[in-house]
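Participant: The following block contains the structure, expressed as structure tokens.
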Amino acid sequence: MQQNDATTFTAAANEALLNELNWEDTRDFEAAARGFIASLDDPVITDTNGRPVWDLSAYPFLKEETAPPSVNPSLWRISRLNALYHGLFKVTDGVHQIRGFDLSVMSIIETDNGYIVIDPLVTVPTARAGMELVYKHLGRKPIVAVIYTHSHIDHWGGVKGVISEADVQAGNVKVIAPEHFLEHAISENIITGNVMSRRASYMYGNLVPKGVKGQIGTGLGQTTSSGTPTLIDPTDFIAETGQKMVIDGLEIEFQMTPGAEAPAEFNFLFPKYRALCMAENCSHNMHNLYTLRGAQVRDPKIWAHYLNEAIEHFAGRYDVIFASHHWPTWGHDACVDFLKKQRDMYKYLHDETLRLANQGYTILEIPEIIQLPAELFRAWYNRGYYGSINHNVKAVYQRYLGFFDGNPATLHQLPPEAAGKQYVELAGGADALLAKARQSYAEGNYRWVAQVVNHLVFADPDNREARELQADALEQLGYQAESGPWRNFYLSGAKELRDGVLDLPAPKAVSPDTVRATPLDMFFDLLGVRLIGPQAEGKVITLNAHFTDIDEQYVLVVENGVLNYSKGKQADRTDASLTTTRATLDRIVLGETTAAEALAAGEATIDGDPQKLVEFLSLLDTFEFWFNMVTP
């Protein structure tokens, strides 16, 4: 795989940060190491088939203190903190954490007779390895509860590595989550699951080799473990700020924070231990208001409000803050300062963006203007390791004003291929455009090179010189990026421009547990998205569906090129009626059987015209995972 050296311009840009940032402040390295008990003897965590899913030794190059020219020194710093300090750590009496075993952090809280586990990582093997380390050094006691802090998959996917569904059903273990957790945990991965997952392969650098010219982390953590996520439905939902629970003698007090970092999330206090869990509402980086893998824009105003509320609501009752990424913050004054500066970072981005928008500045202009005040800028936990000022400011603008900047010239622009051909012609042809772009590259103007050569790549994706120059420019931008996701996007794009989109097995978009937890309404919404509108035009198909094991009935109607459905009804006049079970439907969705096999086995029956069901199924699209990202 081709990987270029950093140019003199890139090296100079990275070196300039050495004069801008607060390198004398090394407290995070002390905090990341504080309370270390032990890590794994074998650094490779495997699944039950012996397949590696996580390697604690995957980043040996990060042992070097000084960043190479090909890495932004600030990103190098956070990657060292995330990669080098892994294992079991004591936070305070009764509170421990497993750090560095996945993208997220798993916390273990001691109760009178057992443990509460908070956020059991992404996959079963990493969560299980973490708990085995806990049992080895803290003692084997029963898990009495699991808490999901919020709806993102890296905070619940490994749950079956720490508890079983049977223990939950027997009433031995509670699973506690914020109100509406299940709805949001499932929905984010259903309707846009394919495109989100493909973009996530760029965001987390899954396609890029690890190394000083490749993937070195994501800022929030190093990367995600590989494997199939699991899910156990919550037994208890928290709905109100101030709500309390007592689990095996240990009191917990909650603060609801919906709509900030996640649509369903909460913070909570353990008064006995004077320890405040801030979920993912605080972390040692600037978070995303918009995540580059794609998602609905988050609300920085309410995010700042919740942080302010946490300061006031829990005032004087904690001496340590811990979260589900990175390391804790100790000392009441330091904790309050942390909360205030994270609060004011999000508030500043929100308010300044809208102040400038009201002055007439646009979505592309405002990010070039805004800089954080020095007291926020110099706090390491406000650096743009995961989010960035640039794309967070764009997120604020888009949340309030949308994609359109008000200039009618941008209202109906040509799509990339059509525009690309016009730009190439305007430049005097491909050779002339490349000659000018090479000159800009030689001057270190990589943003402009990437912008202009992109037109040629989309006009003529087979032009090898254009692809190579575009890849070179993206690579240097990646080397300069402080944000882990920015670096990973740039380097992933460069790799696919050089090597093409590799024909790899597509990752599974859903797991058996998430399929079983998906409401039928959401499943039929997905079928509506999969319906190929132009092919459905002029067709009218009415189908009844009855799922006998859950006694739910639906009417599905294809008309006017769309699919509509009604729950709890059966049409009197229908083309076909399908009778089956939800369990059979789940097996079909998971590829464990087919509709034809289910019919043949008597697991499903059709009354009426079976060809109408066949016709309906023929109108459903399938989504190719490895679609092009940087070429047409």
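Participant: Among the numbered conditions (1) open to solvent by less than 30 Å² (accessible area, probe 1.4 Å); (2) in contact with a Leu (Cβ under 8 Å, 6 or more places away or on another chain), tell me where A58 comes up short.
Facilitator: Only one criterion in (1) open to solvent by less than 30 Å² (accessible area, probe 1.4 Å); (2) in contact with a Leu (Cβ under 8 Å, 6 or more places away or on another chain) is unmet by A58, namely (2).
Participant: Ok, one more. When you go through (1) part of a helix (DSSP H, G or I); (2) open to solvent by 60 Å² or more (accessible area, probe 1.4 Å) one by one for E615, which number turns out not to apply?
Facilitator: Of everything listed in (1) part of a helix (DSSP H, G or I); (2) open to solvent by 60 Å² or more (accessible area, probe 1.4 Å), E615 misses just condition (2).
Participant: With respect to T10, determine if the residue is more than 27 Å from the chain's Cα centre (by Cα), closer than 23 Å to W486 by Cα and either buried (at least 19 other Cβ atoms within 10 Å of the Cβ) or of a type in the set (F, W, Y) (or both).
Facilitator: For T10, the condition - more than 27 Å from the chain's Cα centre (by Cα), closer than 23 Å to W486 by Cα and either buried (at least 19 other Cβ atoms within 10 Å of the Cβ) or of a type in the set (F, W, Y) (or both) - is met.
Participant: Filter the range 13-28 down to the residues that are open to solvent by 90 Å² or more (accessible area, probe 1.4 Å) and either within 29 Å of the chain's Cα centre (by Cα) or of a type in the set (F, W, Y) (or both) and list them by number.
Facilitator: R27, the sole residue that qualifies.
Participant: Hey, among the residues in the range 237-288 that are of a type in the set (K, R) and outside any loop (DSSP other than H, G, I, E, B), which one's surrounded by the most Cβ atoms within 10 Å (Cβ to Cβ)?
Facilitator: K272
Participant: For the range 66-83, indicate whether the set of residues that are touching a Leu at 6+ places or on another chain (Cβ under 6 Å), open to solvent by 30 Å² or more (accessible area, probe 1.4 Å) and under 22 Å from A32 (Cα atoms) is non-empty.
Facilitator: yes
Participant: Would you mind finding the one in I45, I108 that is assigned to a strand (DSSP E or B), open to solvent by less than 60 Å² (accessible area, probe 1.4 Å) and in contact (Cβ under 8 Å) with a residue 40 or more places away in the chain?
Facilitator: I45
Participant: Which one is surrounded by the fewest Cβ atoms within 10 Å (Cβ to Cβ), of the residues in the range 293-333 that are in contact with a Phe, Trp or Tyr (Cβ under 6 Å, 6 or more places away or on another chain) and of a type outside the set (S, T, Y)?
Facilitator: V297
Participant: If you go through the range 502-521 one residue at a time, how many are at pLDDT 95 or above and open to solvent by less than 50 Å² (accessible area, probe 1.4 Å)?
Facilitator: Selection size over the range 502-521: 1.
Participant: A follow-up question, please. Name the residue that is nearest to the chain's Cα centre (by Cα), counting only residues in the range 459-478 that are over 26 Å from A6 (Cβ atoms) and open to solvent by 30 Å² or more (accessible area, probe 1.4 Å).
Facilitator: Taking the range 459-478 first, the residues over 26 Å from A6 (Cβ atoms) are 459-462.
Right, trim to open to solvent by 30 Å² or more (accessible area, probe 1.4 Å) and you get 460-462.
Values: D460: 33, P461: 30, D462: 33 Å.
Of everything passing the filter in the range 459-478, P461 is nearest to the chain's Cα centre (by Cα).
Participant: On to the next question. Does D621 fit the bill of being among the charged types (D, E, K, R), at negative phi, surrounded by 13 or more Cβ atoms within 10 Å (Cβ to Cβ) and in contact with a helix residue (DSSP H, G or I) (Cβ under 7 Å, 6 or more places away or on another chain)?
Facilitator: Details: among the charged types (D, E, K, R): yes; at negative phi: yes; surrounded by 13 or more Cβ atoms within 10 Å (Cβ to Cβ): no; in contact with a helix residue (DSSP H, G or I) (Cβ under 7 Å, 6 or more places away or on another chain): yes.
Against the criterion (among the charged types (D, E, K, R), at negative phi, surrounded by 13 or more Cβ atoms within 10 Å (Cβ to Cβ) and in contact with a helix residue (DSSP H, G or I) (Cβ under 7 Å, 6 or more places away or on another chain)), D621 does not qualify.
Participant: Applying the selection to the range 398-415, what residues are open to solvent by 70 Å² or more (accessible area, probe 1.4 Å) and assigned to a helix (DSSP H, G or I)?
Facilitator: So in the range 398-415, the residues open to solvent by 70 Å² or more (accessible area, probe 1.4 Å) come out as 398-401, 403, 407-409, 411-415.
Matches in the range 398-415: Q398, R399, Y400, L401, P408, A409.
Participant: Oh, and also: Six or more apart or on different chains, Cβ under 6 Å: which pairs go from a residue in the range 217-233 that's within 12 Å of G158 (Cβ to Cβ) to one that's open to solvent by 10 Å² or more (accessible area, probe 1.4 Å) and of a type in the set (K, R)? Could you list them?
Facilitator: T230/K160
Participant: Right, another one. Let me confirm something: among I163, I191, I186, which residue is open to solvent by less than 40 Å² (accessible area, probe 1.4 Å) and either modelled with pLDDT under 95 or assigned to a strand (DSSP E or B) (or both)?
Facilitator: I186
Participant: Next question. Can you find a residue in the range 358-376 that is part of a helix (DSSP H, G or I), open to solvent by less than 10 Å² (accessible area, probe 1.4 Å) and touching a residue at least 60 places away in the same chain (Cβ under 8 Å)?
Facilitator: Among the residues of the range 358-376, not one is part of a helix (DSSP H, G or I), open to solvent by less than 10 Å² (accessible area, probe 1.4 Å) and touching a residue at least 60 places away in the same chain (Cβ under 8 Å), which makes the answer no.
Participant: Does the range 552-569 hold any residues that are assigned to a strand (DSSP E or B), charged (D, E, K, R) and more than 10 Å from K539 (Cα to Cα), and which are they?
Facilitator: Result: E552, K567.
Participant: Are any residues in the range 417-428 in a helix (DSSP H, G or I) and open to solvent by less than 70 Å² (accessible area, probe 1.4 Å), and if so, which ones?
Facilitator: Within the range 417-428, A418, A419, G420, V424 qualify.
Participant: Output the number of residues of the range 337-396 satisfying the condition of being within 22 Å of I302 (Cβ to Cβ) and aromatic (F, W, Y).
Facilitator: Result for the range 337-396: 5.
The values are calculated or read from the model by the stated rules, or taken from the named source; none is laboratory data. This one's a predicted model, so the numbers in the text were calculated from it and none came from an experiment. Backbone-built Cβ (ideal geometry, glycine too); neighbour counts: all protein chains shown. Side chains are part of the model used for accessible areas, which takes the heavy atoms of the whole protein and leaves out ligands, DNA and RNA. Shrake-Rupley method; radii C 1.70, N 1.55, O 1.52, S 1.80 Å.
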